[in-house]
Amino acid sequence: MTIKEMIHAQVTGHPVVLYMKGTPQMPMCGFSATAVELLKQCGAADFFTVNVLDNPDIRQGAKDYAKWPTFPQLYVNGEFVGGCDIMREMFESGELRTLLTAKA
């Protein structure tokens with residue numbers, strides 16, 4: 001399985017996927033910490049995360065897959081949503097909660 005195939009399997013195999021630096025319990029950057037907090041505040045208690053610091057191939061592959069240069073990266077229902085700033089804007093407008101509620 002190639003890195004691209006692995007990433008595709010991850011983002012399509014889980015309703016909510018967050019590629020981040022660190023883990024939800026121990027984020028390794030402020031943006032990842034914020035992304036986790038926003039998801040939790042929207043009621044997304046069960047989301048799949050990938051620590052991009054664990055694997056340089058996944059780290060680069062996720063950037064290439066999304067055509068997005070930074071982390072975190074949020075996917076909902078296999079669709080790329082965006083990074084921390086986009087998540088924050090969507091949270092403030094209520095759009096993030098609506099998207100996450102409709103994930104099922």
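What does the helix-only formula give at 222 nm for the chain: each DSSP H stretch with n ≥ 4 adding -39500 (n - 2.57), the total divided by the residues, and the result rounded to the nearest 500 deg cm²/dmol? Calculated mean residue ellipticity at 222 nm is -14500 deg cm²/dmol. Cross-link check: pairs LYS40/LYS67; LYS40/LYS63; LYS21/LYS63 evaluated at a Cα-Cα cut-off of 22 Å; pairs beyond the cut-off: LYS40/LYS67; LYS40/LYS63. Ellipsoid fit via the Cα gyration tensor, region 39-98: semi-axes of 22, 13, 9 Å, each the root of five times an eigenvalue, largest first. For the peptides 11-20, 37-46, residues were scored by their other Cβ atoms within 10 Å and the scores averaged per peptide; the highest-first order is 11-20, 37-46.
Under the definition of Cα pairs under 8 Å and six or more residues apart, what whole-number percent is the relative contact order of the chain? Walk me through the intermediate numbers first.
Numbers: 148 pairs, mean separation 37.0, N = 104.
The value is 36 percent.
To two decimal places, what compactness ratio does the chain give when its Cα radius of gyration is scaled by 2.2 N^0.38 Å? Kindly include the intermediate steps, with their values, before the conclusion.
Values: Rg = 12.5 Å, N = 104, 2.2 N^0.38 = 12.8 Å.
So the chain has a normalised radius of gyration of 0.97.
Each of ILE7, ILE86 was scored by other Cβ atoms within 10 Å of its Cβ. Arranged with the fewest first, they read ILE86, ILE7.
Read the figures in this text as sums done on the coordinates, not as results from a lab. What you see is a predicted model, and the numbers here were worked out from it, not measured in a lab. Note that each Cβ is placed from the backbone with ideal geometry, even for glycine, and that neighbours are counted across all protein chains shown.
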